[in-house]
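Derivation of every value follows stated rules applied to the coordinates shown; laboratory data play no part. Remember, predicted model here, so these are calculated numbers, not experimental data. We place every Cβ from the backbone using ideal geometry, glycine too, and count neighbours over all the protein chains shown.
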Amino acid sequence: MIVFEKKKTKLQVAQEEVQNAINKTNEKIEELGDETSILYDELTEIQAVFDLIRNVPSDKKLKYEELKKIRLNWKQQAEKIEKDYKDAAVKNVGVGAAGAGLGVAVAAMGPTAAMGVATTFGVASTGTAISSLSGAAATNAALAWLGGGTLATGGGGIVAGEAFLALTGPVGWAIAGVALLASGLMFWKAKNDKEKIEDVFTLISKRDVRSYDLAIVELNERIARIIDESSILRDAITDIKTYGLDYNEMTEQQQYTLGAYVNLMHSSTQLLVNPIKGIQPKYTVEDFDLFMVWNEKEIDVDFYKGSQDLIVSLANFLYKINLDENDKKLLWKSLRNNKTMLKSMDVSKKEFDMSVFDAVNLVLDYKYSRERA
């Protein structure tokens, strides 16, 4: 008996492409974690060598002591991500396999994987993640990223109860959003309307595939730079050990070279803490704040501030997606009638009216105008 496989829709194909791109991205994040772990060890060792040297000028000493603080903040952030990820996985046993279908699973979420995530999302010198979640959420962003597989299958993921945070973070809507929203397609009885909504979701999926492809290029470049700087640091450590332990007794050339090595420590530390831009949100809270300052006299400020999270989330969802008025209305109805989606966004059907979409159009138009300027 011949069994004919049902032909996949454009949306199903596009969603598979997104998931494949996510898988590849996560594999690169794991690889990044392995290399950043080595880089961190080299930086720790060169710091220890510097600490043994007496009479180092205060300006140089202050500089590498500051770098030490930044690295420790980054390490603490990675350890927190690892711990919170495992805690969340334990709490959500039975909800779904955490990280299912992704390159990072619970068993693999060890120190180096956490380091990869910390570097991917970036950690500022204060220890606060550079993300659209305004400080609370280096961990939430990472958990949203790693839990995307289970969110996509409708199981709630390892961030169950915080699904809306997942949608506003660096994970964007690519993992959770499109899949979750697509479950609302059943609402449409008219074939033409359903096809139009599927086309919108397909466009979003294709946009996100392009973003992840660019992120993979960026991750590869970062990994290559980290490998190179780790090697240079190893040579520097060997070199410094021949200089003796008193700065004042070193030659002028040796003192100059020590200064160059402090600069090397700075550039290497930045490779640890600077985020991968391709995985950052396309529309951030900072973008929203700039819009509010620019347009506060023309809008209902209270409505915008009260709807901030929803507006930022939808702005990420619709970034660079051109919709006509009919498509916009169909999409609004699709979201409004998707109970799972409304629950994840912590918004009622009544609260989710067209004024939200109008607000999203305005904030995105301002964002585009700034990008063109």
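Assuming R0 = 30 Å, what is the FRET efficiency of Ser369 and Ile232, from their Cβ-Cβ distance, to the nearest 0.05? Computed FRET efficiency for Ser369 and Ile232: 0.10.
Counted by Cβ distance under 14 Å from Thr238, the other residues give a net charge of -2, where Lys and Arg count +1 and Asp and Glu count -1.
State, as an integer percentage, the relative contact order of region 198-295 based on alpha-carbon contacts under 8 Å between residues 6 or more apart. Once divided by the residue count of region 198-295, the mean separation gives 46 percent. Checked against a 18 Å cut-off, the cross-linked pairs Lys28/Lys206; Lys206/Lys320; Lys196/Lys367 give Cα-Cα distances beyond that limit for Lys28/Lys206; Lys196/Lys367. For region 285-372, the normalised intensity computed at q = 0.10, 0.15, 0.19 Å⁻¹ comes to -0.24, -0.55, -0.89 (log10 of I(q)/I(0), Debye sum over alpha carbons, equal scatterers, no solvent). Taking each residue as 0.36 nm, the span from Lys329 to Lys349 lengthens on full extension beyond its C-alpha to C-alpha distance by 5.7 nm. Taken as Cα centroids, region 241-271 and region 282-329 sit 49 Å apart, rounded to the nearest whole angstrom.
Stretched out straight at 0.36 nm per residue, the stretch from Ala260 to Asp59 would grow longer than its current Cα-Cα span by 71.0 nm.
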